[in-house]
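*Asks:* Questions regarding the structure given below will be posed in turn.
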Amino acid sequence: MKKQIKQISVAQTSKVIAILYVIFSLLYSLFGIPIIIFGSSEIKIIGFIYLFMPVLAGVFGFIFVALNCWIYNLIAGKFGGVEFEVKDMDEV
């Protein structure tokens, strides 16, 4: 049976993806802390960028995913959404 994604919730999708971006980019913070502690003054700037990367990833992730969802909804309204097939699984 074929199904089609007619519309994507812009706010909800953006919020969830932004949270995932924050979680995945926490690794940058782990690299930033030693750079701040042990680095020279020029290198510490890079450490602070790494430390605040989760915030930047969350903000920019939300903005760009929201823009992509909005554009998808426009395109899906005119040409149809992404199509996929689903199969009912028999309960065992």
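The values are calculated or read from the model by the stated rules, or taken from the named source; none is laboratory data. None of the values given here were measured: they were computed from a predicted structure. Cβ coordinates were reconstructed from backbone atoms using ideal geometry, including for glycine residues, and neighbour counts include every protein chain displayed. Note: areas computed on protein heavy atoms with side chains; ligands, DNA, RNA excluded. Shrake-Rupley method; radii C 1.70, N 1.55, O 1.52, S 1.80 Å.
*Asks:* Failed condition for VAL86, given (1) farther than 23 Å from ALA11 by Cα; (2) free of Cβ contacts under 8 Å to residues at least 40 places away in the same chain, with all others met?
*Replies:* With respect to (1) farther than 23 Å from ALA11 by Cα; (2) free of Cβ contacts under 8 Å to residues at least 40 places away in the same chain, VAL86 is out only on (2).
*Asks:* Those residues that are aliphatic (A, V, I, L, M) and open to solvent by less than 90 Å² (accessible area, probe 1.4 Å), I need them from region 2-24; list them, please.
*Replies:* ILE5, ILE8, VAL10, ALA11, VAL16, ILE17, ALA18, LEU20, VAL22
*Asks:* Give the residues of region 66-92 that are open to solvent by 70 Å² or more (accessible area, probe 1.4 Å) and among the hydroxyl-bearing types (Ser, Thr, Tyr), sorted by residue number.
*Replies:* Of everything in region 66-92, nothing turns out to be open to solvent by 70 Å² or more (accessible area, probe 1.4 Å) and among the hydroxyl-bearing types (Ser, Thr, Tyr).
*Asks:* Exactly one of (1) open to solvent by less than 90 Å² (accessible area, probe 1.4 Å); (2) under 30 Å from ILE8 (Cα atoms) is unmet by LEU27. Its number?
*Replies:* If we test LEU27 against (1) open to solvent by less than 90 Å² (accessible area, probe 1.4 Å); (2) under 30 Å from ILE8 (Cα atoms), just (1) comes out false.
*Asks:* Now for a separate question. Of ILE37, ILE49, which residue is surrounded by fewer than 13 Cβ atoms within 10 Å (Cβ to Cβ) and either assigned to a helix (DSSP H, G or I) or among the basic types (Lys, Arg) (or both)?
*Replies:* Exactly one of ILE37, ILE49 is surrounded by fewer than 13 Cβ atoms within 10 Å (Cβ to Cβ) and either assigned to a helix (DSSP H, G or I) or among the basic types (Lys, Arg) (or both), namely ILE37.
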